Amino acid sequence: MKIKKELIDSAAMGRAITRIAHEILEKNKGTEDLVLIGIRTRGVPLAERLAARIEEIEGIKLPTGILDITLYRDDLSTVAQQPIVHRTEIPFDITGKKVVLVDDVLYTGRTVRAALDALIDLGRPLQIQLAIMIDRGHRELPIRADFVGKNLPTSKTEVVDVNLKEIDGKDAVLLLEKT
């Protein structure tokens, strides 16, 4: 794949995180019963960044967790013969909580559907909201994000690559073209 364009740099990503943090606080009228859960892999550092930003704003550290959806995927048999399953790490009860599910890219909606199934197996949240860095369209399921860093209409031949310094060594969102 070749890089077509850099869409978001480190500064713009920081601004998007700040805006989403404020939107989460506004919609939920503060931090009471609020938890953040990142979908493994890139949703995890995004959830941690949101929690850090909310702590800067409100002075309250929100509980954060890690959700692995591997076994909930509807394409599991096509992904790998023996998929690598990581641990879900949610050290708190989600029952009665307002859960903000965090991921990097919303595309078909299938990852979010799998995450919803996994969450419901862990408890009964009061509410589940979705925070996404990039919404690129092309939904196959009726799922939409509550909080979006950037809406980015794409073609199906393009790929959105979210790079995070915790995983990739830098912050950037790249638009790639399949070759």
Inset, instruction - Select, from ILE132, ILE128, the only residue that is in contact with a Gly (Cβ under 8 Å, 6 or more places away or on another chain), of a type in the set (A, V, I, L, M, F, W, C) and either buried (at least 16 other Cβ atoms within 10 Å of the Cβ) or not in a strand (DSSP E or B) (or both). - result: ILE132
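Against the condition out of contact with any His (no Cβ under 7 Å at 6 or more places or on another chain), aliphatic (A, V, I, L, M) and either over 13 Å from LEU36 (Cα atoms) or open to solvent by 30 Å² or more (accessible area, probe 1.4 Å) (or both), how does VAL105 come out, does it pass?
On the way: out of contact with any His (no Cβ under 7 Å at 6 or more places or on another chain): yes; aliphatic (A, V, I, L, M): yes; either over 13 Å from LEU36 (Cα atoms) or open to solvent by 30 Å² or more (accessible area, probe 1.4 Å) (or both): yes.
Answer is yes for this residue.
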Inset, instruction - Mind checking which helices (runs of 4 or more DSSP H) fall wholly inside the range 1-79 and carry at least 1 residues that are open to solvent by less than 30 Å² (accessible area, probe 1.4 Å)? - result: 10-27, 43-58
Legend entry - Close pairs (9 angstrom Cβ cut-off, 6 or more residues apart or separate chains): part of a helix (DSSP H, G or I) in the range 143-166, buried (at least 18 other Cβ atoms within 10 Å of the Cβ) and of a type in the set (Lys, Arg) anywhere: GLU166/ARG42; GLU166/ARG49
Legend entry - Matching residues in the range 87-102 - criterion: being open to solvent by less than 10 Å² (accessible area, probe 1.4 Å) and either assigned to a helix (DSSP H, G or I) or in contact (Cβ under 8 Å) with a residue 60 or more places away in the chain (or both): VAL99, VAL100, LEU101, VAL102
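The values are calculated or read from the model by the stated rules, or taken from the named source; none is laboratory data. Everything quoted here is computed from the prediction, not taken from an experiment. Every residue, glycine among them, receives a Cβ derived from its backbone with ideal geometry; neighbour counts consider all protein chains shown. With ligands, DNA and RNA removed, areas are computed over all heavy atoms of the protein, side chains included. Shrake-Rupley method; radii C 1.70, N 1.55, O 1.52, S 1.80 Å.
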